[in-house]
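Reviewing the structure listed below.
The values are calculated or read from the model by the stated rules, or taken from the named source; none is laboratory data. Owing to the predicted nature of the structure, the values given are computational and were not obtained by experimental measurement. No Cβ is skipped: glycine too gets one built from the backbone with ideal geometry, and neighbour counts run over all protein chains shown. In case anyone asks, the SASA skips ligands and DNA or RNA and just uses the protein heavy atoms, side chains included. Shrake-Rupley method; radii C 1.70, N 1.55, O 1.52, S 1.80 Å.
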Amino acid sequence: MNDFFKLTASDVDFYYGDFKALKNVSLNFIEKEVMALIGPSGCGKSTFLRCINRMNDLISGTRVDGSIVLDNVDIYNDRIDVVNLRKKVGMVFQKPNPFPKSIFENVAYGLRVNGIRDKNAIAGMVEKSLIQAALFDEVKDRLKDSALGLSGGQQQRLCIARALAVEPEILLMDEPASALDPIATQKIEELIHQLKKDYTIIIVTHNMQQAARVSDKTAFFYMGELVEVNKTDTLFTKPEKIQTEEYITGRFG
Amino acid sequence: MNEAIIDTLKLEYTNIKSVNEKVLLFKDSGKRRRTIEQLFFMMFKVAAMINGLALIVIVSYLVINGYQSISFEFLIEAPKESMTKGGIFPCILGTLYLSCGAIIFALPIGIASAIYINEYAVQSRFLNFIRLGINTLAGVPSIVFGLFGLAFFCIVLKMGVSIIAGSLTLGIMSLPVIISATEEALKSVPDTYREASLGLGATKWQTIYKVVLPTALPGILTGTILALSRAAGETAPIMFTGAVFFTQTLPTSIFDEVMALPYHIYVLATAGINIELTRPLQYGSALVLLIMVLGMNLVAIIYRSKLRRK
């Protein structure tokens with residue numbers, strides 16, 4: 001039955017010390033679909049996202065119960081190599097965070113740390129990733145310039161290109177457009193439409209219009225619980241739960 | 001309703017008026033407050049100026065008294081006639097050997113310790129013990145390092161009075177400075193860089209080596225150069241371990257003893273054959289040492305601002 005889903009989270013509890021940030025979250029993800037995670041601040045949506053590539057491991061005093069299964073492998077299994085998991089599950093962060101290196105080196109970074117030495121292969125992958133991230137035309141003449149000289153929106157697309165270069169299967173996006181202006185946001189959203197042809201995308205967003213525009217399915221989190229998940233159209237037009245309705249109509253959050 | 005508002009306004013007006021009158025009445029108090037304000041401002045300004053002034057006084061005093069002694073010969077010749085004439089070349093060389101040796105030893109250990117403390121270690125008793133060690137090391141008087149170096153490196157490890165024993169002693173003394181400079185530099189690297197790197201499937205060590213360290217490098221190098229310049233000017237740690245009163249030969253190996261500038265100045269000023277006669281030599285040597293140390297600090301400052309601009 002699990003074969004049907006790319007990623008399955010079952011009964012996930014998450015603790016920051018004594019604080020239970022996720023309560024019994026079960027959520028399934030279909031390959032090459034975009035799932036949006038929405039909910040008010042502190043509802044656990046980012047925490048859940050960061051469970052999927054085990055980024056929460058970096059915070060001491062945290063604990064996960066339940067299971068998250070990716071391609072029939074439990075990623076919290078002791079024998080799993082976190083480094084390989086993160087190669088398979090790429091991540092784009094809230095604030096654009098390019099390294100203080102050249103544009104080229106930023107995209108090549110993931111390839112180099114994964115042991116690719118062939119210069120032509122790296123150059124090819126860098127170009128391909130920049131094209132995929134709809135950034136290539138803007139930067140092709142200055143690949144050697146520092147990435148920090150790019151605009152915020154360009155930096156975020158560079159971070160997407162950097163994540164794509166290692167050929168992940170799932171792309172996690174943690175409010176990728178929240179630090180960007182409307183035009184840059186629109187470009188990121190168009191990009192998400194392009195990328196879902198090849199990738200399974202999970203995006204956390206505070207912006208409900210954005211969730212409605214980019215996602216196939218939407219999950220609403222509240223106080224660490226998954227309240228409702230449905231096709232995006234259905235969730236926004238005919239929410240089943242009263243909390244969902246109140247949130248999407250702007251009565252709280 | 002309206003009358004109530006008008007009454008309130010009236011009341012406020014009277015209040016304002018009376019306050020204004022009071023201000024007029026106590027005009028002197030305002031003046032007094034301004035005076036106190038200016039007094040404190042001046043006090044803080046003077047306190048800040050003392051720093052700059054101290055440097056200017058020391059430097060100009062040394063320049064005025066020492067500049068006649070400095071010549072090309074002074075810099076490249078050995079001391080002559082029981083150190084009452086000649087130059088200080090062996091001392092300059094010895095100081096360079098000792099302080100560079102100290103850095104070669106202290107830099108890797110210092111950076112590695114800081115990486116462990118800042119990137120790997122989690123809060124534990126072991127970490128507290130390490131921190132206590134570093135803080136204590138920073139507070140140990142330099143003469144104690146000298147005696148330790150003599151007892152441990154020179155005698156127990158049978159290194160004798162040598163460049164290596166002196167360098168190791170100076171190195172241990174420099175460790176806390178290098179560690180805290182490196183720690184500060186590592187802390188200033190944003191966590192988002194670490195997350196981005198780990199998120200791309202890099203290991204922790206790859207993240208440190210390829211992202212964190214290059215970003216922290218300006219801060220680390222600046223701290224190192226400052227540590228080097230401090231080490232170069234120390235007398236107590238080397239007087240038993242690496243530096244000697246006088247030697248006729250230049251060192252040929254790291255197991256040779258050397259002359260060193262700070263110790264040379266100390267010797268000329270307290271134990272020389274003719275202390276009064278060698279005053280110009282003392283000032284000259286002190287000036288050379290000061291220029292070396294200030295020069296290193298200047299390099300650190302220029303280098304840091306250059307890297308920051310990048």
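What to note about this one:
- Total residues in region B:94-118, condition more than 18 Å from the chain's Cα centre (by Cα) and either among the basic types (K, R) or surrounded by fewer than 17 Cβ atoms within 10 Å (Cβ to Cβ) (or both): 4
- Evaluation of B:E257 against the conditions (1) away from chain A (no Cβ under 14 Å); (2) crowded, with 18+ Cβ neighbours inside 10 Å; (3) in contact with a helix residue (DSSP H, G or I) (Cβ under 7 Å, 6 or more places away or on another chain) shows that the sole unmet condition is (3).
- Restricting attention to region B:199-213 and to residues that are more than 16 Å from A:P100 (Cα to Cα) and assigned to a helix (DSSP H, G or I), the residue that is nearest to the other protein chains (Cβ to nearest Cβ) turns out to be B:G199.
- Residues within region A:163-205 that are basic (K, R) and either under 22 Å from A:K6 (Cβ atoms) or touching a His at 6+ places or on another chain (Cβ under 6 Å) (or both), tallied: 2
- Qualifying residue in region B:58-70 (condition: more than 28 Å from B:S229 (Cβ to Cβ) and open to solvent by 40 Å² or more (accessible area, probe 1.4 Å)): no
- Any hit, region B:215-230, residues being closer than 25 Å to B:L289 by Cβ, open to solvent by 60 Å² or more (accessible area, probe 1.4 Å) and either more than 14 Å from chain A (Cβ to nearest Cβ) or not in a helix (DSSP H, G or I) (or both): yes
- Failed condition for A:I160, given (1) assigned to a strand (DSSP E or B); (2) under 23 Å from B:T192 (Cα atoms): (1)
- The listed residue being open to solvent by 20 Å² or more (accessible area, probe 1.4 Å) and part of a helix (DSSP H, G or I), out of B:N297, B:N274: B:N297
- Residues in region B:125-143 that are surrounded by 13 or more Cβ atoms within 10 Å (Cβ to Cβ) and of a type in the set (A, V, I, L, M) were compared, and the one that is farthest from B:T169 (Cα to Cα) is B:L127.
So that you can scan it fast, the table gives a plain yes or no per residue for (1) hydroxyl-bearing (S, T, Y); (2) within 9 Å of another protein chain (Cβ to nearest Cβ); (3) within 17 Å of the chain's Cα centre (by Cα); (4) more than 20 Å from B:P214 (Cβ to Cβ):
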{"residue": "A:Y76", "(1), (2), (3), (4)": "yes, no, no, yes"}
{"residue": "A:D81", "(1), (2), (3), (4)": "no, no, no, yes"}
{"residue": "A:K87", "(1), (2), (3), (4)": "no, yes, yes, yes"}
{"residue": "A:G110", "(1), (2), (3), (4)": "no, yes, yes, no"}
{"residue": "A:G149", "(1), (2), (3), (4)": "no, no, no, no"}
{"residue": "A:C159", "(1), (2), (3), (4)": "no, yes, yes, no"}
{"residue": "A:R162", "(1), (2), (3), (4)": "no, yes, yes, no"}
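- A:D118 vs. criteria within 29 Å of A:R142 (Cα to Cα) and either away from chain B (no Cβ under 11 Å) or not charged (D, E, K, R) (or both): yes
- In region A:52-74, the residues that are free of Cβ contacts under 8 Å to residues at least 12 places away in the same chain and within 14 Å of chain B (Cβ to nearest Cβ): A:L58, A:S60
- When restricted to residues that are in a loop (DSSP other than H, G, I, E, B) and either under 20 Å from the mean Cα position of the chain (by Cα) or hydrophobic (A, V, I, L, M, F, W, C) (or both), region B:171-198 contains 2.
- Elements of type helices (runs of 4 or more DSSP H) contained in region A:7-124, each with 1 or more residues being within 14 Å of A:L172 (Cβ to Cβ), open to solvent by 10 Å² or more (accessible area, probe 1.4 Å) and out of contact with any helix residue (DSSP H, G or I) (no Cβ under 9 Å at 6 or more places or on another chain): A:45-52, A:82-88
- The residue pairs whose first member lies in region B:125-143 and is free of Cβ contacts under 8 Å to residues at least 12 places away in the same chain, whose second member is of a type in the set (V, I, T), and whose beta carbons are closer than 9 Å, counting only pairs six or more residues apart or on different chains, are B:L127/B:I117.
- Pick from region B:172-198, criterion of a type in the set (D, E) and within 12 Å of chain A (Cβ to nearest Cβ), ranking: surrounded by the fewest Cβ atoms within 10 Å (Cβ to Cβ): B:D191
- All strands (runs of 3 or more DSSP E) inside region A:186-253 with 3 or more residues being buried (at least 19 other Cβ atoms within 10 Å of the Cβ) and in contact with an Asp or Glu (Cβ under 6 Å, 6 or more places away or on another chain): none
- Criterion (open to solvent by 50 Å² or more (accessible area, probe 1.4 Å), in a helix (DSSP H, G or I) and either out of contact with any Gly (no Cβ under 8 Å at 6 or more places or on another chain) or of a type in the set (S, T, N, Q) (or both)) met by exactly one of A:E138, A:E167: A:E138
- Residues that are without any contact (Cβ under 8 Å) to a residue 12 or more places away in the chain and in contact with a strand residue (DSSP E or B) (Cβ under 7 Å, 6 or more places away or on another chain), drawn from region A:200-238: none
- When residues of region B:231-252 are limited to those that are open to solvent by less than 10 Å² (accessible area, probe 1.4 Å) and part of a helix (DSSP H, G or I), the one farthest from the other protein chains (Cβ to nearest Cβ): B:I238
- The test for being more than 14 Å from chain A (Cβ to nearest Cβ) and touching a Phe, Trp or Tyr at 6+ places or on another chain (Cβ under 6 Å) holds for B:G66.
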